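For reference, the structure discussed in these notes is given below.
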Amino acid sequence: MTGHRDINCDLLVIGAGFSGMVAAARAASLGLKTVLAGNSGSLLFVSGLLDYLGVYPMDSGVTLDDPSQGLVRLKKDLPGHPYAVTGHGKIIQGFEFVKEILGKAGFSYYLSSQKNLSILTSMGTVKPSFMVPKTMIKGNILFKERKKLLLIDIKGLQGFSARQVAAGLENRFSEIKTLSVEIPNIRKAVPPIVLAGFFEDFEVQKAFVNQVLPFSDKFDIAGMPAVCGVNNSLGIQQKLEEMTGMDLFEIPGIPPSIPGLRLKNAFEKTLTASGVRLLSNIHIKAPVFNGKKFTLTGETDTRELAIGAKGVILATGRFPGGGLHARRERIVETVFRLNIAQPVNRSLWHGLDFLSRQGHLINRAGIETDQWFRPLDERDRPVFQHLYAVGSILAHNDWIRLKSGSGVSLVSACAAVDSFYQSLGKVKP
Amino acid sequence: MSGAKKIIQTQVLVIGGGATGTGVARDLALRGVKVILIEKNDLNSGASGANHGLLHSGARYVHSDAEAAMECRAEGLILKQIAPHCIEETGGLFVAVPGDDEAYIADFPRMCERSGIPCRPLDLKDARQMEPSLSQDIIAAFGVEDGAIDPFKLAIENLTQALDLGGEYFDHARLEEFTIKNHGIVNARIFNTKTRETFFIKADTYVSATGAWAGQMATLAGISIPMVYSKGSLLVTGKRMATRVINRLRKASDGDILVPGGVVSIIGTTSVRTDSPDGIYPSVEEVDLIINQGKQMIPALGTRRYIRAYCGVRPLVKAGGDDDRKLSRGFSLLDHAKDGVDNLITITSGKLTTFRLMAEKTSDMVCEKLGISSACRTRDLPLPVTSTGEWTEPGVSLRQGFHLSDKEDTMLCECEMVPASAIDSIVSDIRRNGGKPDLLSIALRSRLGKGPCQGSACSVRVLSHLYNKGEISGSEGMEGLRRFLNERWKGEHALLWGTSLAQSSLKEMIHCGLFGMELGERKIE
């Protein structure tokens, strides 16, 4: 069924999580006519920290100082890992690309030059990351300089306790104090998204500053939950810094995540500006390939439309995103029914220790590809010339344990789009 | 031995905080006996917290054990009188599907009659109307008087009355050694696994109500009780599947009883021999066995979402034979005077339904040893209703959630609607009983972490709340969270497919991906 609302494009990206957003942005930057279809709500579950490689080997139990050193070992040990077909230079280029497009949309990131950054979490643990929102970066120096630290929580914001963060930092600082700030008119629980909106209000900023100000002489720096405005978070933070006379940094925590929302907004802004067509809340199904192009059906609550595309990038994520579905017997890929590398039966999916350092085998299940990120069939041949898979759906990639989610997503997304672009006979501008 | 050691004196020390142990504590306290109850983990940590929550009509046992069937019938009637707030009188069905033993089906009414168990044949259409989730293929159906009982509430109410009458309770108190002289226990050395404190209890009589650990406990007194450990696993559905208890009409086997538990249903069990009562977990194979059997009676069990699996160990005193279900479910009450230890009694095996009778018979034996003549009062005296028990009944939390009156109150667990005020009241209960609150002990007393999110967000919210209230400090929170996550995992990992797997992946993203809970130094317990 076709109609005047049907769509034709060069590249259809399925999935509007981090890897799908990067792929669509890359395609648009190359001048490809691009459609991005999927639910971008999944970005509310990401912390906003963009990791390269935080832990390797997994059973070391410690974080990597220099991810490129870990990469050398990983490529040797794990030939099936998505990083095995790329290199440090390509990964850095990917980070730079993402930094640039997010920056253009008003979301400023700090990209490390070589070493992992140490980012304090709301649990009081320290997370290794490589590119972080500038509103979080001042926390990174804490651990080297042993500053006098003020930790701020906000009454009504659940799941974030300054005392808890401080408990995780015992003995690491010369002085830590906790402070609970009250925001006018918040009497009970306040959702983080509402609270972040409040922070864009000057009256709320003043109330915050007035309660912090008495401590600004005694402390060097203050950490607070990542709710410093939805839009223009860096600008708001700088304003709060001026008014308090203190350095500030944001601390990431449980979803729904405001840095994730900022990412979603920034990506959507940049993609719209560069002419990408966004189809949200749409279910993509029934792919057909006629020898020249793909035709897929996009289904919303109210209608169905046909989408024609020369190439397709599958960026549908894993189980939470819906790219993979686990039946009681086996794991299936939901759009193309692609071959999924997986353990032989369900009793091997998970180990008996939830927090084991080796992780669970199910997290290594996924799509195996060739060096251009094209999914392979049972005989190790590409399923289609112009079908690619990127991001967390890729096999042999336990990003949760390796702390490598964003790096794998952005490098595979860029590589797949570049490869598709070149295969069309075009030369990179 | 130094003179500074802490010794607590009592008439009776009861070991084991399950249904039987709390029942014995209450029974003795009501007879005016000074009693201390110790539990090595938390209330109902053993089989008392890991069963169907089924109040047997007796019909289940009419074939294998007519005496047990009659016992269940009599005790069930008593419990309905004295503890109606712990029971839902659901009624029950026995149904058969094609392929089930026709001779057994034909014989069932006669067997019930022999044991005096009420049982009425049902028209198949009527049965399906009563329980629409039943398979269209059922070939026989009978109505019986099964019910549902909340084992947590039961234990808490029994303990609460024992404490009100002057009893004492210590949790996380592990019995490590008996000092024995002249055919009697002089004292017991106890180690508190939370405070790392050692103390002694000196009692006139000692009762081991340790269930599957009865053999290990007896060994400390130099006595051998040959035990067989039979693991049984059960699954909790996301929603309630039926109004009544539904039994498979055949000889006892796997996955053949579905029991309502408030807003959920519980399907089980299995019977797997294990070498030890410790370190057990429901396996993927057991989960599949239960579902594949259960869906023959109720097809929706094949597609329903499950929120938790758990298992317990049936403590059976060895008799021989291959099928552990054929071993007597009747209880074992052992006077160890015959083994040369005059003041030690073991009570083990039995069923939740008969816990009161077990406590009565045990207390009779205790009183005989102590020379006390006061009679048992639990047969008629109602079990008090206290607020302490309020949060253990499934569904109560849901209703409370909609009645948030205090404007300052906030919801900490959104799946199960547990507000901050409920957490606070549970915490103060735990403190009042001398315990130290953490996520696990709170989860035991509420539906925290038992909802669809598997505890991914509420665990963090409750933890922050506890820090803000000053209830925990330092690294306690982190260690408590690890214990909570790993305990939850035991009941979760074999059930992960479909949306449950997606939720569990999110939890791993938060706790490992972002917080790195798997990294750093860890205390091995």
Per-peptide average of other Cβ atoms within 10 Å, ordering A:154-165, A:28-39 highest first: A:154-165, A:28-39
- request: Would you mind putting B:369-375, B:296-302, A:290-296 in packing order, based on average other-beta-carbon counts within 10 Å, highest first?
  value: B:296-302, A:290-296, B:369-375
- prompt: Over segment B:57-155, what relative contact order in percent results from Cα pairs under 8 Å that are six or more residues apart?
  reply: 40
statement: Counting only DSSP beta bridges with both partners in the protein assembly as shown, the antiparallel fraction in percent, to the nearest 5, comes to 60
- request: Please identify the cysteines of the protein assembly as shown that lack any partner cysteine with a Cβ under 4.7 Å from their own Cβ.
  value: A:Cys9, A:Cys228, A:Cys414, B:Cys72, B:Cys86, B:Cys311, B:Cys367, B:Cys376, B:Cys415, B:Cys453, B:Cys512
message: Cβ neighbours within 10 Å, averaged per peptide: list B:135-142, A:396-403, B:474-481 in order, most packed at the top.
response: A:396-403, B:474-481, B:135-142
- request: Amide H neighbours of A:Leu279 under 5 Å, at least 5 residues apart or on other chains, H built in the peptide plane: list them.
  value: A:Leu36, A:Ala37, A:Gly38
- line: If every Lys and Arg gets +1 and every Asp and Glu gets -1 at its Cβ, then about the Cα centre segment A:245-398 yields a dipole, in debye to the nearest 20, of 440
statement: Under 5 Å from the placed amide H of A:Ile251, counting only residues 5+ away or on other chains, we find A:Met224, A:Ala226
Selected from B:Gly312, B:Ala214, B:Tyr229, residue furthest toward positive end of dipole (segment B:209-338; charges at beta carbon): B:Gly312
task: Determine the gain in length on full extension of the stretch B:Asp164-B:Asp107; use 0.36 nm per residue of separation and subtract their C-alpha separation, reporting nm with one decimal.
output: 15.6 nm
- request: Count, for each residue of B:458-468, the Cβ atoms from other chains sitting within 10 Å of its Cβ, then give me the mean as a whole number.
  value: 6
task: Report the full-extension gain for the segment B:Glu479 to B:Ile8: residue separation times 0.36 nm, less the Cα-Cα distance, to one decimal in nm.
output: 166.5 nm
- prompt: For segment A:217-231, what does the Karplus curve 6.51 cos²θ - 1.76 cosθ + 1.60, with θ = phi - 60°, yield as ³J(HN,Hα) per residue in whole Hz, taken in order and with x for Gly and Pro?
  reply: 6, 8, 10, 7, 8, 10, x, 9, x, 7, 9, 7, x, 8, 9
message: Charges on Cβ only, +1 for Lys and Arg, -1 for Asp and Glu, centred on the Cα centroid of chain A; of A:Gly291, A:Trp349, A:Ile251, which one is farthest towards the dipole's positive end?
response: A:Gly291
- prompt: Looking at segment B:254-320, which trypsin sites (Lys or Arg not before Pro) are DSSP coil and have at most 12 other C-beta atoms within 10 Å of their C-beta?
  reply: B:Lys318
Distance between segment B:414-430 and segment B:11-30 - C-alpha centres, whole angstrom: 27
message: I'd like the distance separating the alpha-carbon centroids of segment B:146-166 and segment A:338-393, in whole Å.
response: 50
- prompt: To the nearest 20 debye, what charge dipole does the protein assembly as shown have about its Cα centre, counting +1 at the Cβ of each Lys and Arg and -1 at the Cβ of each Asp and Glu?
  reply: 1880
- prompt: What 222 nm value per residue comes from the helices of the protein assembly as shown, counting each DSSP H run with n ≥ 4 as -39,500 (n - 2.57) and dividing by all residues, nearest 500 deg cm²/dmol?
  reply: -9000 deg cm²/dmol
- request: Enter the angle in degrees (range 0 to 90, nearest 10) between the Cα long axis of helix A:18-29 and the first principal axis of the Cα atoms of chain A, meaning the one along which they spread out most.
  value: 70
field: J(HN,Hα) series, segment A:314-327, from Karplus relation 6.51 cos²θ - 1.76 cosθ + 1.60, nearest Hz, glycine and proline x
entry: 8, 10, 8, x, 9, 5, x, x, x, x, 10, 10, 9, 8
task: Give, rounded to the nearest 20 debye, the magnitude of the charge dipole that chain B has about its Cα centre when Lys and Arg contribute +1 at Cβ and Asp and Glu contribute -1 at Cβ.
output: 440
task: Taking the Cβ of A:Val204 as the centre, find all other residues whose Cβ is under 15 Å away and add up their charges (Lys, Arg: +1; Asp, Glu: -1).
output: 0
query: Roughly how crowded by other chains is peptide B:287-300, in terms of the mean Cβ count from those chains within 10 Å of each of its Cβ atoms?
result: 1
- request: Starting from segment A:178-251, pick out the trypsin sites (Lys or Arg not before Pro) whose DSSP state is loop and whose Cβ has at most 13 other Cβ atoms within 10 Å.
  value: A:Arg187, A:Lys218
Relative contact order (%) - chain A, alpha-carbon pairs under 8 angstrom, separation at least six: 23
field: Amide H partners (placed H, <5 Å) of B:Ile307, local residues excluded
entry: B:Val236, B:Thr237, B:Gly238
message: Given points 7 Å out from each Cα along the Cα-Cβ axis, report the A:Lys115 to B:Lys202 separation in nanometres with one decimal.
response: 6.3
message: Taking 8 Å as the Cα distance limit and 6 or more residues as the minimum spacing, I'd like the relative contact order of chain B as a percentage.
response: 17
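Read-outs: derived from the displayed coordinates by stated rules, not from any lab. Keep in mind that what you see is a predicted model, and the values were worked out from it rather than measured. Neighbour counts run over all protein chains shown; Cβ positions are idealised from the backbone, glycine included.
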